[in-house]
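Here the structure is laid out as structure tokens; the discussion comes afterwards.
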Amino acid sequence: MSQAAAVVRLLDGSRDRSEVLSEAARGGVPAEVAERVLTVLAAAGVLIDYPAQLLGSVPAELRRRLRPVLAAASLGSQDGDGGARLMARRSATTVAVSGAGPVADSVADLLTQSGLATRREASADGGKADLLVLVGHQSPSQTTELLRLARPHLAVSASEGIGVVGPLVLLGSTACLRCLDLARTARDPAWPLVLAQLSGRAADPPACDPILAAAVAAQAAAVVVAFADRAPLAQAAVNGTLELLAPGWQWRRRSWRPHPACCCGASAAA
Ligand SMILES: [Zn+2]
């Protein structure tokens, strides 16, 4: 065991695999013993093989800030790379958050802390972002503009005791915001009138409970992070909305289908 202990002592995160082997050999531990120790630890899932090259490419400050996130990601995914793969995906995912207020601020904050390349946008145009997060009510003209942009987007709103996260729209293959409006109109013919009244009218001050805002922002950020990680959670907001009603505080999921009358083409593709 003394040879094994000597190898384990070398595993402090400062050496890659070949450096561990050569350092062990210098200390008199045969290569086959060192290899065996690494294999046993890797098979038990306790060895984190963080690519040294990737680690070196991340600025020290960002690395320090992301350490808790990486540790959580590594535990969650059990991929044994210290969260390196997830971090690479997240830092390569650009997200534009549009809308004003505490929910938009909070979503952008949480995404930045989670390692995503996040920026705030005044409008829903989003430049070259991989995903747009649209906080607040979207008017019919904004919905039309989103169809034109053809970029993945997530709708988020929180006001007057109800928070809604979703749908996550992958245009042409999942239900879009217009699909939802058409479905609402089918159930309630007065819906377009309500929609027209909502457009361009912001309550002053907007009614929103701070706890509701925080819960909705956290749920929205979780969906975006899952989108970046390609994790199943993001699916919950695809063809669906996650809704939170205060003061019950129970999330519920509502399903939506692509609407056959919508010009987004998702219904034909389904
Ligand atoms: Zn549609």
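Below are the figures for this structure:
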item: Convex hull volume per residue in cubic angstrom - Cα atoms of the range 88-154; result: 71
item: Whole-number D in µm²/s for the range 1-47 (Stokes-Einstein; Kirkwood sum over Cα pairs; 37 °C, 0.692 mPa s); result: 316
item: Selection from Leu180, Ser267, Ala158, by position along the positive dipole direction of the range 143-270 (Cβ); result: Ser267
item: FRET E, pair Ala214, Leu149, Förster distance 30 Å, beta-carbon r, rounded to 0.05; result: 0.55
item: Antiparallel bridges, percent of DSSP beta bridges restricted to the range 117-166 (to nearest 5); result: 50
item: Percent of Cα-Cα distances greater than 34 Å, calculated over the chain; result: 33
item: Table column - 3J(HN,Hα) (Hz), the range 150-163, Karplus curve with 6.51, -1.76, 1.60, x for Gly and Pro; result: 6, 10, x, 8, 10, 8, 9, 8, 8, 7, 6, x, 9, x
item: Diffusion coefficient, µm² s⁻¹, Stokes-Einstein with Kirkwood Rh over alpha-carbon pairs of the range 140-270 at 25 °C and 0.890 mPa s; result: 159
item: Antiparallel DSSP beta bridges within the chain, as percent of all bridges there, nearest 5; result: 55
item: Top of Gly248, Gly82, Gly136 by mean-square fluctuation, Gaussian network on the chain, Cα under 10 Å; result: Gly248
item: Expected-Rg normalisation [2.2 N^0.38 Å, Cα atoms] applied to the range 202-270; result: 1.38
item: Order of Met87, Met1 under a 10 Å beta carbon neighbour criterion, fewest first; result: Met1, Met87
item: GNM result for the chain, Cα springs below 10 Å: residue of Ala213, Ala117, Ala246 fluctuating most strongly; result: Ala246
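Just so you know, all these numbers are worked out from the coordinates, no wet-lab data involved. Quantities reported herein were computed from a predicted structural model and do not represent experimental measurements. When we count neighbours, we look across all protein chains shown, and the Cβ atoms used for this are built from the backbone with ideal geometry, even at glycine.
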